[in-house]
Amino acid sequence: MPATTYAVSGMSCGHCKATLTRVIGELDGVSGVEVDLDSGHVTVTGAAEPDDGVIAEVVDEAGYELTGRV
């Protein structure tokens, strides 16, 4: 399964981690989400490569900013 890692700003606590894990994990085709608060990285795993625009949209709606792929 392909894994794509994104840089996300604004994450600072367990609530941030839980929120992003939930909202990204609800997207079609996503089978796993790993949030690393220390590095500011979110890794998305799924059957196919994720749509960056869709990921950016849900991250933004949750109150964070996707700043690019790592």
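Tabulated values for the structure
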quantity	calculated
Using a Förster distance of 22 Å, the FRET efficiency for Thr5-Glu61 (Cβ separation, nearest 0.05)	0.60
Given charges at beta-carbon only (K, R positive; D, E negative), |dipole| of the chain in Debye	220
Cβ-based charge dipole, the range 5-70, positive-most Cα from Cys16, Ala56, Gly29	Cys16
Equivalent ellipsoid semi-axes - Cα gyration tensor, the chain, angstrom	17, 12, 11
Linear extension gain, Val54 paired with Ser39, 0.36 nm per residue minus alpha-carbon span	3.2 nm
Rounded percent of accessible protein surface that carbon and sulfur make up, the chain, 1.4 Å probe	47
Protection proxy ranking, peptides 42-51, 12-21, average beta carbon neighbours within 10 Å, highest first	42-51, 12-21
Heavy-atom accessible area per residue - the chain, 1.4 Å, Å²	57
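The values are calculated or read from the model by the stated rules, or taken from the named source; none is laboratory data. These numbers come from a predicted model, not from an experiment. Cβ coordinates were reconstructed from backbone atoms using ideal geometry, including for glycine residues, and neighbour counts include every protein chain displayed. Only protein heavy atoms, including side chains, enter the accessible area calculation; ligands, DNA and RNA are left aside. Shrake-Rupley method; radii C 1.70, N 1.55, O 1.52, S 1.80 Å.
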